[in-house]
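Engineer: Encoded as structure tokens, here's the structure I'll be asking about.
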Amino acid sequence: MDLNSEIFSASARRAIDWIIHYFEHTDEYPVLSRVKPGEIKSQLPELPPTLSESFDTILDDFEKIIIPGITHWNHPRFFAYFSITGSYPGIIGEFLSSALNVNAMNWKSSPSATELEEVVLEWFRYMVQLPTTFMGIINDTASVSSLCAIAAAREATAFNIRELGLSGRPDLPQLILYVSEETHSSIERAAMVLGIGQNNVRKISTDAVFRMNTDELEQRIRVDIDNGCKPIGVVATIGTTSTTSIDPVAEIASICRKYNLWLHVDAAYGGPVSILPEKRDYFVGWELADSIVINPHKWMFTPIDCSVLFSRRPDMLKSAFSLVPEYLRTAEQDVVKNYMDYGVALGRRFRALKLWMIIRSYGTNKIQKTLREHLNYAEKFKAKVEEHDDFELMAPVPFSTVVFRLNPNHGKHSLSNDELNSVNERLMNKINATGEVFLSHTKLRGNFSIRLAIGNIKTIEADIDLAWDIILKQAKEFCS
Ligand SMILES: *Cc1c(COP(=O)(O)O)cnc(C)c1O
């Protein structure tokens with residue numbers, strides 16, 4: 001049976017009712033899915049149906065089979081990785097954009113899609129207080145935004161790699177990219193894709209609080225130049241993935257200027273905090289970057305996916321990517337923006353719509369208020385960790401992520417490092433098995449450390465208190 005308007009209306013209503021109920025009761029689900037590998041697949045037929053199935057049956061299966069295999073990123077006590085949420089305005093934006101189903105590849109293919117993206121990214125640029133010289137483009141993920149940025153950095157070297165490629169070229173020096181030990185793996189992957197190669201990504205060590213050591217950075221650049229290599233760029237991070245540390249961006253920017261290197265700032269998680277005037281210190285120097293990535297789908301209530309790449313040198317992005325076949329040439333191409341010229345993908349979803357709806361629906365005040373609440377909850381959780389004899393903080397807490405571990409009686413039990421690691425891993429697994437909270441981990445200089453990341457629009461202080469109670473309860477057996 002085809003899904004005619006009548007059936008669509010009934011099915012869509014059922015789906016919306018389901019969504020509303022889900023949003024009001026997300027915390028009643030186990031946050032981390034409890035299914036075993038293969039359990040979902042075993043309930044699904046191996047072959048597609050030949051005959052049409054009713055949408056009611058399909059939605060029944062969605063509830064019965066699919067939902068148990070969902071880990072609830074919308075759960076107010078999802079504290080793993082970087083906590084993210086969808087939101088009603090974002091969902092409406094997704095809904096309408098899939099209804100329009102436009103492909104925002106160039107201006108003509110849907111003028112509103114292009115012009116709304118320009119306007120909403122101007123708003124966003126203003127919100128995070130970057131200078132007007134920055135142009136924005138929406139990509140799916142930070143991984144792709146950073147890939148584009150590093151492609152632009154490679155293009156800026158004038159080796160004409162776009163045309164000649166990298167292979168079979170004895171005239172080319174080794175291209176070198178600098179990151180820190182704490183830089184996100186997406187950068188190394190970009191280097192793999194772009195032919196720079198993993199071995200040519202220099203991982204600069206970090207200081208006691210996980211910030212890139214700039215002396216070592218400059219030293220490595222010098223050594224590489226002396227050895228005939230060609231440094232092309234540095235990636236600095238504001239809010240690293242393990243600990244949310246903040247690299248000294250201003251110092252790194254001046255090194256980049258001195259050696260003529262592209263500076264890319266990865267603020268995928270931390271970026272939205274620049275909306276708070278009292279936290280601008282964290283962002284000093286980022287206006288000197290050539291490119292910056294911020295993910296509204298991380299800490300700005302936007303349903304995944306939505307990543308914003310800002311660049312002061314959009315001409316370089318264009319020069320790295322623009323390739324306009326005859327059938328895409330348009331009369332107005334020189335007076336309008338064609339976003340397909342600035343990245344890898346030709347086809348582009350109309351993601352600006354949901355971002356526009358979120359910013360309008362909440363207003364900047366509500367966004368600021370929520371971020372401040374999250375920062376405040378993190379402060380409170382941090383205080384609980386610091387005040388407890390059996391726990392220790394593993395890194396400073398500039399944002400909404402607390403990294404800590406159990407260390408009974410502050411080490412006086414003299415557990416070895418391996419024992420501590422195994423205790424903390426077991427503790428985290430026990431906590432997650434309760435289904436009440438979901439935490440993740442990282443390893444810091446060999447120490448297994450538990451992360452609690454706050455980013456959900458529905459998280460309230462009671463969720464933080466409950467998380468702490470559960471942690472204490474599960475930790476008891478290790479503390480006697
Ligand atoms: C999450 C994150 C990324 C990767 O983001 P995707 O959008 O999933 O590709 C990159 N860098 C940092 C600092 C992050 O926190």
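Since every read-out is calculated from the coordinates, none of them should be taken as a lab result. Everything quoted here is computed from the prediction, not taken from an experiment. Reconstructed Cβ throughout: ideal geometry from the backbone, glycine too, with neighbour counts over all protein chains shown.
Engineer: On a C-alpha basis, how far is the centre of region 60-77 from the centre of region 278-339 in Å? Whole number, if you could?
Structural biologist: When both Cα centres are located, 33 Å separates them.
Engineer: Extension gain Ile65-Leu3, at 0.36 nm per residue separation less the Cα-Cα distance, in nm?
Structural biologist: 20.1 nm
Engineer: Taking N as the number of residues in the chain, what is its alpha-carbon radius of gyration divided by 2.2 N^0.38 Å? Working shown, then result.
Structural biologist: Details: Rg = 24.1 Å, N = 480, 2.2 N^0.38 = 23.0 Å.
Expressed relative to 2.2 N^0.38 Å, the Cα Rg reads 1.05.
Engineer: Using 7 Å Cα-to-Cβ label points, what is the Asp17/Lys41 separation (nm, one decimal)?
Structural biologist: Simple spin-label model gives 3.5 nm for this pair.
Engineer: Hey, another quick one. Classify region 47-103 as rounded, prolate or oblate, taking a ≥ b ≥ c as the square roots of the eigenvalues of its Cα gyration tensor: rounded when a/c is under 1.5, otherwise prolate if a/b is larger than b/c and oblate if not. Intermediate values should be presented prior to the final figure.
Structural biologist: Details: a/c = 2.65, a/b = 1.31, b/c = 2.03.
Oblate, since a/c reaches 1.5 and b/c is not below a/b.
Engineer: Treating cross-link reach as a plain straight distance, find the aspartates and glutamates whose alpha-carbon is under 15 Å from the alpha-carbon of Lys412, omitting any fewer than eight places away in the same chain.
Structural biologist: Asp389, Asp390, Glu392
Engineer: Separate question: Where does each of Ser242, Ser400 land when they are ranked from fewest to most other beta-carbon atoms within 10 angstrom? Working shown, then result.
Structural biologist: Working: Ser242 20, Ser400 29.
Going from sparsest to densest Cβ surroundings: Ser242, Ser400.
Engineer: What share of the DSSP beta bridges in the chain is antiparallel, in percent to the nearest 5?
Structural biologist: 60 percent
Engineer: What's the exposure ranking of Cys479, Cys306, going from fewest to most Cβ atoms within 10 Å?
Structural biologist: Fewest-to-most Cβ neighbours within 10 Å comes out as Cys479, Cys306.
Engineer: Using only the Cα atoms of region 221-336, build the gyration tensor, take square roots of its eigenvalues as a ≥ b ≥ c, and label the shape rounded, prolate or oblate: rounded if a/c is under 1.5, else prolate if a/b is larger than b/c, else oblate.
Structural biologist: Oblate shape, in that a/c is at least 1.5 and b/c is the bigger or equal ratio.
Engineer: List the residues, sorted by chain then number, that are 5 or more residues from Leu444 or on another chain and whose placed amide H is less than 5 Å from its amide H.
Structural biologist: For Leu444, whose amide H was placed from the backbone, the distant partners under 5 Å are Ser449.
Engineer: If Lys and Arg each add +1 and Asp and Glu each add -1, what is the summed charge of the other residues whose beta carbon sits under 9 Å from the beta carbon of Thr206? Mind dumping the intermediate values first?
Structural biologist: Working: positive: Arg211; negative: Glu181, Glu182, Asp207, Asp247.
Once positives and negatives cancel, what remains is -3.
Engineer: Which FRET efficiency value, to the nearest 0.05, is calculated for Met192 and Asn160 with the Förster distance at 22 angstrom and r the Cβ-Cβ distance? Numbers along the way, then the final one.
Structural biologist: Working: r = 21 Å, r/R0 = 0.97.
Once rounded, the FRET efficiency stands at 0.55.
Engineer: Quote the FRET efficiency, to the nearest 0.05, computed for Lys412 versus Asp465 with a Förster distance R0 of 45 Å and r equal to the Cβ-Cβ distance.
Structural biologist: On the way: r = 27 Å, r/R0 = 0.61.
The computed FRET efficiency comes out at 0.95.
Engineer: Let me ask something else. In terms of Cα to Cα distance under 19 Å, which lysines are near enough to Lys279, apart from those fewer than 8 places away along the same chain?
Structural biologist: Reachable lysines: Lys298, Lys366, Lys369, Lys380, Lys382.
Engineer: Separate question: Which translational diffusion coefficient, to the nearest whole µm²/s, is obtained for region 359-478 from the Stokes-Einstein equation, given a Kirkwood hydrodynamic radius over C-alpha pairs, 10 °C and 1.306 mPa s?
Structural biologist: The Stokes-Einstein estimate is 105 µm²/s.
Engineer: Kirkwood hydrodynamic radius, computed over distinct alpha-carbon pairs, for region 416-480: how many Å, to one decimal?
Structural biologist: 12.7 Å
Engineer: Need the list of lysines near Lys64 for cross-linking: C-alpha distance under 17 angstrom, and skip anything on the same chain fewer than eight residues off.
Structural biologist: Here the lysines satisfying the reach criterion relative to Lys64 are Lys36, Lys41.
Engineer: Continuing with this model, one more query. Once a ≥ b ≥ c are taken as the square roots of the eigenvalues of the Cα gyration tensor of region 103-349, is the result rounded (a/c under 1.5), prolate (a/b larger than b/c) or oblate (a/b not larger than b/c)?
Structural biologist: Taking the square roots of the gyration eigenvalues as a ≥ b ≥ c, region 103-349 is oblate.
Engineer: Over region 103-349, what is the relative contact order in percent, taking alpha-carbon pairs closer than 8 angstrom and at least six residues apart?
Structural biologist: Relative contact order, region 103-349: 26 percent.
Engineer: Roughly how many Å is it from the Cα centre of region 147-179 to that of region 219-272, as a whole number?
Structural biologist: Centre-to-centre distance over Cα atoms comes out at 17 Å.
Engineer: Another question, then. Using Cβ counts within 10 Å as a stand-in for footprinting exposure, how do His388, His184 rank, fewest first? Spell out each step's value before the answer.
Structural biologist: Working: His388 16, His184 21.
So the residues, fewest neighbours to most, are His388, His184.
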